[in-house]
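A.B. asks: Below is the structure I would like to discuss, written out as structure tokens.
The values are calculated or read from the model by the stated rules, or taken from the named source; none is laboratory data. Worth saying up front: this structure is predicted, and the values here are computed from it rather than measured. Cβ: placed from backbone, ideal geometry, glycine included. Neighbour counts: every protein chain shown. These accessible areas exclude ligands, DNA and RNA; they are computed on the full protein's heavy atoms, side chains included. Shrake-Rupley method; radii C 1.70, N 1.55, O 1.52, S 1.80 Å.
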Amino acid sequence: MSQNPQKIGLILTGGGARAAYQVGVLKAMAEFMPRRAHSPFQVICGSSAGALNAVTLAVNARNFRKGVKYLLGIWHNAQVSDIYRSDVLGVARNSGRWLIGLILSMLGINRMNRVSLLDNTPLELFLEETLPYEKVQENIDSGMLHALSITASGYGSGHSVTFYQGREGIAPWKRTRRLGMESRIGTAHLMASAAIPFIFPAVHIHREYFGDGSVRQIAPISSALHLGADKVMLMGAWHTDDDEGRRNKMDTYPTLAQIAGHALDSIFLDGLEVDIERLQRINETVKLIPEELRARADIRHIDFLVITPSQPLEKIAERYIEQLPWTIRLLLRTVGVMRGSGANLASYLLFDKHYCRALIDLGYQDALKRRDEIVAFLGCDPAAASCDMPQ
């Protein structure tokens with residue numbers, strides 16, 4: 001065992017149903033590690049749908065495979081009705097309230113609360129029933145976990161707020177448009193972090209309403225570093241080689257679905273991609289600074305590993321749009337979601353087991369191809385009893 005093992009941070013980004021991809025990667029990692037190993041991640045950071053995966057891993061920090069197995073059970077059997085109401089009454093009432101609220105807002109009247117396109121009450125009930133949040137603190141006290149964080153966006157302050165729960169000595173932080181606040185993580189934090197703007201309702205925490213954690217999250221990696229991570233692994237939900245495909249000529253005006261999908265991409269992907277590029281530049285600069293000056297300036301090289309899909313997830317979503325309940329298909333078609341058009345928006349809302357299983361399989365295969373790289377980054381020996389863990 002290493003004398004001074006590094007704390008590894010895991011950053012699980014948002015993306016609605018796209019977060020199923022992360023579970024496939026985690027499944028492969030669990031197979032790379034010893035059977036009864038604890039979590040290799042001492043700092044776990046989640047935002048949006050990645051928050052559910054993050055809390056589940058933190059709750060099961062003593063047994064990494066158990067946590068991954070639980071996540072597989074959730075995503076492998078996913079149904080839209082587990083996340084948001086898809087019955088006729090639920091969809092009609094909520095979409096009607098959304099339309100009325102939009103009209104009233106245009107008239108300067110704001111008398112309707114919790115206005116959103118979809119009602120995600122089923123997700124709230126599911127989280128309350130299944131996640132034993134008290135185990136997060138138990139794992140922190142036992143040294144199995146250093147810190148857990150969930151990020152949400154404050155609609156009042158405009159700040160990206162990282163709610164964290166960790167060992168003593170972690171100081172709150174405040175930077176431009178972002179801050180870290182100590183808190184006991186619970187269902188409200190997960191619901192706020194996963195509240196996609198316009199689609200799901202904002203959540204009231206303390207004195208402010210919060211929405212999706214990926215909104216205004218201009219430095220996603222920084223939270224893990226503030227919480228004590230020495231190196232970080234990031235799991236994204238974007239395909240890095242599809243830029244040319246996105247530039248294909250469009251002869252028709254974009255539908256509302258295409259515009260909405262583009263907006264969601266900006267929310268979920270742009271901040272992380274920019275932050276990764278920023279970290280790469282910082283690391284290149286650090287190489288040019290002598291060791292003694294690095295210590296004096298409190299600057300260091302940060303090792304990181306990024307895992308993203310090898311295929312565009314919206315292309316996979318196209319194959320499964322018909323699996324959505326007819327009420328949701330009808331609602332999406334009103335904004336231009338059809339086969340081959342607007343699938344990007346659907347890829348965020350397609351909480352269907354067939355689509356999720358396809359993403360899990362893709363994540364699993366992608367991770368298998370990078371096995372040696374992942375094992376080396378985690379510092380795990382599959383033949384050993386466990387991985388190195390800082391004390």
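A.B. asks: Applying the selection to region 121-138, what residues are touching a strand residue (DSSP E or B) at 6+ places or on another chain (Cβ under 9 Å) and open to solvent by less than 30 Å² (accessible area, probe 1.4 Å)?
C.D. replies: Scanning region 121-138 gives a single hit, 136.
A.B. asks: Just to verify a result, which residue in region 303-319, among those that are open to solvent by 50 Å² or more (accessible area, probe 1.4 Å) and part of a loop (DSSP other than H, G, I, E, B), is farthest from residue 234 (Cα to Cα)?
C.D. replies: My answer is 319.
A.B. asks: Which one is nearest to residue 223 (Cα to Cα) among residues in region 156-185 that are buried (at least 19 other Cβ atoms within 10 Å of the Cβ) and free of Cβ contacts under 8 Å to residues at least 60 places away in the same chain?
C.D. replies: Pass one, region 156-185, residues buried (at least 19 other Cβ atoms within 10 Å of the Cβ): 159-166, 178, 180, 185.
From what's left, free of Cβ contacts under 8 Å to residues at least 60 places away in the same chain: 159-161, 163, 165, 178, 180.
On the way: 159: 14, 160: 11, 161: 10, 163: 10, 165: 12, 178: 10, 180: 8 Å.
Checking each candidate, the answer is 180.
A.B. asks: How many of the residues in region 320-332 are assigned to a helix (DSSP H, G or I) and more than 25 Å from residue 25 (Cα to Cα)?
C.D. replies: 8
A.B. asks: Of everything in region 275-302 that's open to solvent by less than 70 Å² (accessible area, probe 1.4 Å) and outside any helix (DSSP H, G or I), which residue is farthest from residue 217 (Cα to Cα)?
C.D. replies: Within region 275-302, the match that is farthest from residue 217 (Cα to Cα) is 290.
A.B. asks: Residue check: is residue 119 more than 19 Å from the chain's Cα centre (by Cα) and at pLDDT below 90?
C.D. replies: So residue 119 passes the test.
A.B. asks: In region 196-219, which residue that is within 11 Å of residue 47 (Cα to Cα) and in contact with a Gly (Cβ under 6 Å, 6 or more places away or on another chain) is surrounded by the most Cβ atoms within 10 Å (Cβ to Cβ)?
C.D. replies: Checking each candidate, the answer is 214.
A.B. asks: Mind counting the residues in region 37-79 that are open to solvent by 10 Å² or more (accessible area, probe 1.4 Å) and of a type in the set (Val, Ile, Thr)?
C.D. replies: The qualifying residues number 2.
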